[in-house]
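**Student:** Input: one structure, supplied below.
The values are calculated or read from the model by the stated rules, or taken from the named source; none is laboratory data. This one's a predicted model, so the numbers in the text were calculated from it and none came from an experiment. Reconstructed Cβ throughout: ideal geometry from the backbone, glycine too, with neighbour counts over all protein chains shown.
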2 protein chains.
Amino acid sequence: MATDLDRLEPNAQRVQDDLTELSQIHDPASSGWTRTVFSEPYRASREWVRARMADAGLTVHADHAGNLIGVLPGRSAAAPALMTGSHTDTVASGGRFDGMVGVLGSLEVVRQLVENDVRPDHDLLVVDFLGEESNDFGLSCLGSRALAGALTQEHLDRRDHHGVRLGDRYASFGLDPSDVLRAAGRFGPRGLHRYVELHIEQGPVLEERGAGIGVVTAIAGIRRLLATFTGRPDHAGTMPMGDRRDALVAAADAVLAVRQEGCGAPVHGVATTSRLDAEPGSPNVVPGLVRMQAEMRSVDVDWLSAAQVRLTEEIARKAAEHGVDVDLTWSLDNDCLPASPDVHEVVSSVADSLGIAWEAVPSGATHDAVHIARLCPMGMIFVPSRGGRSHCPDEWTDLDDIVTGIRVHGATLLALDRAR
Amino acid sequence: MATDLDRLEPNAQRVQDDLTELSQIHDPASSGWTRTVFSEPYRASREWVRARMADAGLTVHADHAGNLIGVLPGRSAAAPALMTGSHTDTVASGGRFDGMVGVLGSLEVVRQLVENDVRPDHDLLVVDFLGEESNDFGLSCLGSRALAGALTQEHLDRRDHHGVRLGDRYASFGLDPSDVLRAAGRFGPRGLHRYVELHIEQGPVLEERGAGIGVVTAIAGIRRLLATFTGRPDHAGTMPMGDRRDALVAAADAVLAVRQEGCGAPVHGVATTSRLDAEPGSPNVVPGLVRMQAEMRSVDVDWLSAAQVRLTEEIARKAAEHGVDVDLTWSLDNDCLPASPDVHEVVSSVADSLGIAWEAVPSGATHDAVHIARLCPMGMIFVPSRGGRSHCPDEWTDLDDIVTGIRVHGATLLALDRAR
C-alpha cells in the first residue's frame, strides 16, 4: 500500500480549478454561492459534474432518485461496490466547500487511480447525491434517503410554503416521483462494501487543535421543534400590558430557553431557534399567533431526550405565565449514528502512516452518510473550516487542507478496497 | 337644545342594518372582516357609503385625497364648517366597528336632523377618511393627513414589501398622486369650526368602569422602532454555543425589554413588538440577521422620551453581550395630542344632561382627529368595546352602547353648532 500512497499525490491546481469552476454556477439573484436543489443553477451544475465524472474516466448514470453515479469498474465481478461521494447543492446564501469538497475530492482520487493504472478490486462508485441540504419541504438528504429506501410517499406529499408538493418538484426537475420511491437498494445481490465521505468540518475544532483531518466518531442526532404560540390579537395602543396575551413575548422567552438548554449541554450539544413568524405582523396589533422553528443536536441521545423534556416544560410554563397557549411538535430528523469502528480505524491508521495529525470528532451536521449507513458500514473524513464558518458565503477551507484530506481519502479508499 | 335632544332619538334598527350591510363587504380571502385601503372590497364599500350618504340627504363628493365628503348645508353662508367623520377601512383580520361606528353614527345623526327639519347654522361635513389604518407603507390616516397638508412627496415615494410605491397605489385606485398632495386646506376662507369624532374605545376601561361613553382627554403619541440585529450566520449543528453571534437571541432579549418597559410605565403607556423577521430562516442555520418592528405609546411625552433612551441602551447592551450589532431607527408616528378643552366640556355637559355616565379617557389608538386638529379644535367620543378587543374579528360593541354614543354625538354636534 505504501507504494500506492506515494504515487497518489493529488494535483492541487486541478482541484482548485474544479472548485472555482463549480462555484461559478450559482443563483445570481441570491447572495453567496447559492445552488439550491431543483433550481436552474443546480441543474446546470450537475451537467458540469456529469461531464467531469466522464472526463475522469467514470461511467456515469443518474439513478431513479436523481443521484449522479460515476462507476470505476473493479477487478472482481463478484465483489460488492465501494462507495464514496457527497453533494453539490448548497443552502441559500451558502458557501463553496460544503459537499463540493467530497465530490470533487473523490473525482481527484479517481483521476489519480486511472493515471497510475491502479484498478481497485471493488467497483468504486462516486455519487453526487441529490439535494443533501434541508429544503423548503423540511427534508434533507433527498438522494441518499431515497437510495436507502427511507423516502416515503408522505415525504413526496409534503408542501412548501407556496403549497407546491415535493413530488411535483421532482417531476418539474424531470424525475418521476413513483420512480424515486423505487430507487432503493439497486445494488444487486452484491450490495455495498463500505462508504466513506470526505467533507469540511463546518465547525472550529480542527482549526483550534491544529489537526490536519478529523476522523468522525458519530453523526449527531437532531430533534426538531415546531411550536405554535396562540395568544390573542389586540390593539397595540389600547390594550393594557397586564391584560395582554402576547404570543411574541411567549415566543421570545422560548428562544432564550432554547439557547439556555444548548449552553447547559454537558457534551457536544447545540440548540438553535432559526425562525419566528408573528401574525398579523401589523405595527399596531399585539401578535396573536407565532410559529417558531427550533432544533437541538447532540451525539448524546440521553441528553437530547432529557433536554427535550425540560424544554417542553419550560416553554409551556413561560407561555402560561403570559396567558398564551402553546402547541409543541417534536420530530426526530435523524437519530445519533456512530461511525463504523472499522472504517474509523482505517482512516486513523492511514493518517498516522501519512504523518498527518488527526482528531476524533463528532459531526454536528447531518450528512448523506447517515442514510447510506443503512446499506453498509460508513465513516467520514473532515477537513478544517476556517473559523468554523459554514452555511454562509464566508465558508472557507485552505487548498492545502483540502489536498491533505484528498490524500487521506484516496489512501482510505484503497485500504478499504483491500479490506475483507 | 333640550327639545332637539328629545327629538333626536337614533333609529337603532337602521343603525344595525347599516353595520350589517357594510360588514358584508369584505375580503373573502382573509379572515375576519378585512377591508384594507386600496383593496377591491374597500372600493366597493365606499360606493356603498357614498350611496348611503346621498340617501341620508347629503351632497356627496370625493376630494383630491380620496376622502368621501357628504355636506348638509347650514343656514349661515359665512360660517365655517362643522366636521365629523371617521373611516371605513379595516386592518387585516379586523372587526366590524372600528371606524364604521363613527361614519354610520354620523349618517344616523344627519338622518335625524333631516327628518326633524333641524338645520344647523354651520355646514355639517360628514367625512369617510381614506385609509385610516396603518398600511403596508407604514403610514396611517392617509386621507386626514392629506387634508391637513401633512402628506408629502416622501410619503408617496415609500414602497411596500412588494416594491410598489404609495403614489402608484393611489394611481391604481384612481387618484392622481399630484392631486393628493394638493388636497390640503380646501375649505376656503371660512375654514373649519370644530371636529368631533365618534369611535369605539378599543380598550377595556369604559366596560370595566360601567361608563356609557368616554370623553377623550388626549390621543397618545407613538414612537416606532425599527431595529436591525446583525450577528453571524453559522451552521446550527456545528458552531458551539459560546462561539455564536445569534441575531435572534439578541432580538428575543429586545422583545422582553420592550415589554418590560411597557409594564413599568407609571401612566397610560404600552410597548409592543409586532414582528421579527429572521434570516436566513433555514432550520440548520444560526440566524445572522433579524429585523424587528416595535412601538411605544403614551399620552405622557416625558415618559415616552425617557423610555426611548432606556430601551435604546438596554437593547444595545444585551445585543453586545451576544456579540450582535444593532442598528436602531426611531420615528415619531404622531406626537401626543390633547383634545380641545372646549369640545371636551361640551361632550361631558351633553352626557350629563342626557344622564349618561361618562369617563375621561386617553386614547391609546391614533385617529383621523390627530390630523384634523391642525385645522380646528377637536374632540372625540368613545363607546365601550367588549373586553377591550379591537383590530381582530372578535371586536364588538353592543348596539345599545352604539345608540347611546350616537345620541351624545348628535347632541354634541348641535351644541357645537350653536357655540361661538
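Residue-by-condition table, conditions (1) farther than 19 Å from B:N334 by Cβ; (2) buried (at least 16 other Cβ atoms within 10 Å of the Cβ); (3) among the small types (G, A, S):
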site	(1), (2), (3)
B:G131	no, yes, yes
B:L139	no, yes, no
B:A146	no, yes, yes
B:H161	yes, no, no
B:G167	yes, yes, yes
B:A171	yes, no, yes
B:H193	yes, yes, no
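**Student:** Pull out all pairs, ordered by first then second residue, where Cβ-Cβ is under 7 Å, the residues are six or more apart or on different chains, the first lies in the range A:206-224 and is free of Cβ contacts under 8 Å to residues at least 40 places away in the same chain, and the second is among the β-branched types (V, I, T).
**Tutor:** Filtered contacts from the range A:206-224: no entries.
**Student:** Another question about this same structure. Checking B:F229 against (1) surrounded by 18 or more Cβ atoms within 10 Å (Cβ to Cβ); (2) farther than 30 Å from B:L289 by Cα, which test does it fail?
**Tutor:** That leaves (2) as the condition not met.
**Student:** Also, quick follow-up: So which residues in the range A:186-226 are facing another protein chain (nearest Cβ under 10 Å), in contact with a strand residue (DSSP E or B) (Cβ under 8 Å, 6 or more places away or on another chain) and not in a strand (DSSP E or B), if there are any at all?
**Tutor:** A:E201, A:Q202, A:G203, A:V205, A:A220
**Student:** Looking at A:M296 and the list (1) modelled with pLDDT of 90 or more; (2) outside any helix (DSSP H, G or I); (3) within 7 Å of another protein chain (Cβ to nearest Cβ), which single condition is not satisfied?
**Tutor:** (3)
**Student:** Take the residues in the range B:257-266 that are crowded, with 21+ Cβ neighbours inside 10 Å and within 8 Å of chain A (Cβ to nearest Cβ), then tell me which one is nearest to A:S363 (Cα to Cα).
**Tutor:** Filtering first and then ranking leaves B:R259.
**Student:** Between a first residue in the range A:267-282 that is at the interface with chain B (Cβ under 7 Å from one of its Cβ atoms) and without any contact (Cβ under 8 Å) to a residue 40 or more places away in the chain and a second residue that is in a strand (DSSP E or B) and among the aliphatic types (A, V, I, L, M), which pairs have beta carbons less than 6 Å apart while being 6 or more apart in sequence or on different chains?
**Tutor:** Short answer, once both residue conditions are applied: A:T272/B:V286; A:T273/A:A294; A:R275/B:A278; A:L276/A:V290; A:L276/A:M292; A:L276/B:L276; A:A278/A:V290.
**Student:** Every residue in the range B:141-162 that is assigned to a loop (DSSP other than H, G, I, E, B) and without any contact (Cβ under 8 Å) to a residue 60 or more places away in the chain, please.
**Tutor:** Hits for the range B:141-162 are B:T152, B:R158, B:D160, B:H161, B:H162.
**Student:** Right, something else. Just to check your reading of the model, which residue among A:V326, A:V361 is within 30 Å of A:R291 (Cα to Cα), over 15 Å from the mean Cα position of the chain (by Cα) and either away from chain B (no Cβ under 14 Å) or in contact (Cβ under 8 Å) with a residue 40 or more places away in the chain (or both)?
**Tutor:** Step by step, each of A:V326, A:V361 is checked, and only A:V326 is within 30 Å of A:R291 (Cα to Cα), over 15 Å from the mean Cα position of the chain (by Cα) and either away from chain B (no Cβ under 14 Å) or in contact (Cβ under 8 Å) with a residue 40 or more places away in the chain (or both).
**Student:** Hey, another quick one. Within the range A:299-382, considering only helices (runs of 4 or more DSSP H) that don't extend past its boundaries, which have at least 2 residues that are within 16 Å of A:H199 (Cα to Cα)?
**Tutor:** Helices (runs of 4 or more DSSP H) meeting the threshold: A:341-354, A:369-372.
**Student:** Examine the range A:150-157 for a residue that is among the small types (G, A, S), surrounded by 15 or more Cβ atoms within 10 Å (Cβ to Cβ) and under 24 Å from A:P80 (Cα atoms), and state whether such a residue exists.
**Tutor:** yes
**Student:** Of the residues A:A411, A:A339, A:A320, which single one is among the aliphatic types (A, V, I, L, M) and without any contact (Cβ under 8 Å) to a residue 40 or more places away in the chain?
**Tutor:** Result: A:A320 is the single residue among A:A411, A:A339, A:A320 that is among the aliphatic types (A, V, I, L, M) and without any contact (Cβ under 8 Å) to a residue 40 or more places away in the chain.
**Student:** Taking the conditions exactly as written (farther than 17 Å from B:F97 by Cβ, surrounded by fewer than 17 Cβ atoms within 10 Å (Cβ to Cβ) and under 23 Å from the mean Cα position of the chain (by Cα)), does B:E21 satisfy them or not?
**Tutor:** It is false that B:E21 is farther than 17 Å from B:F97 by Cβ, surrounded by fewer than 17 Cβ atoms within 10 Å (Cβ to Cβ) and under 23 Å from the mean Cα position of the chain (by Cα).
**Student:** Looking only at the range A:244-256, how many residues end up being assigned to a helix (DSSP H, G or I), more than 8 Å from chain B (Cβ to nearest Cβ) and in contact with a His (Cβ under 7 Å, 6 or more places away or on another chain)?
**Tutor:** Of the residues in that region, 1 qualify.
**Student:** Those residues that are within 11 Å of another protein chain (Cβ to nearest Cβ) and not in a loop (DSSP other than H, G, I, E, B), I need them from the range B:227-243; list them, please.
**Tutor:** B:D234, B:H235, B:M241, B:G242, B:D243
**Student:** Regarding B:T90, is this residue in contact with a Phe, Trp or Tyr (Cβ under 9 Å, 6 or more places away or on another chain), over 19 Å from B:E47 (Cα atoms), at pLDDT 95 or above and not charged (D, E, K, R)?
**Tutor:** So B:T90 does not fit the description; no.
**Student:** Got a sec? Which of B:E197, B:E154, B:E132 is acidic (D, E), closer than 30 Å to B:D352 by Cα and not assigned by TED's automatic domain parsing to the domain that holds B:A294?
**Tutor:** Within the list B:E197, B:E154, B:E132, the selection yields B:E197.
**Student:** A follow-up question, please. How many residues does the range B:121-140 contain that are over 19 Å from B:A79 (Cβ atoms) and not in a loop (DSSP other than H, G, I, E, B)?
**Tutor:** Final tally of qualifying residues: 2.
**Student:** Return the pairs, sorted by first residue and then second, in which the second residue is exposed (fewer than 15 other Cβ atoms within 10 Å of the Cβ) and among the basic types (K, R), the first residue lies in the range A:6-28 and is part of a loop (DSSP other than H, G, I, E, B) and at pLDDT below 95, the beta carbons are less than 6 Å apart, and the residues are 6+ apart or on different chains.
**Tutor:** Cβ pairs passing all conditions: none.
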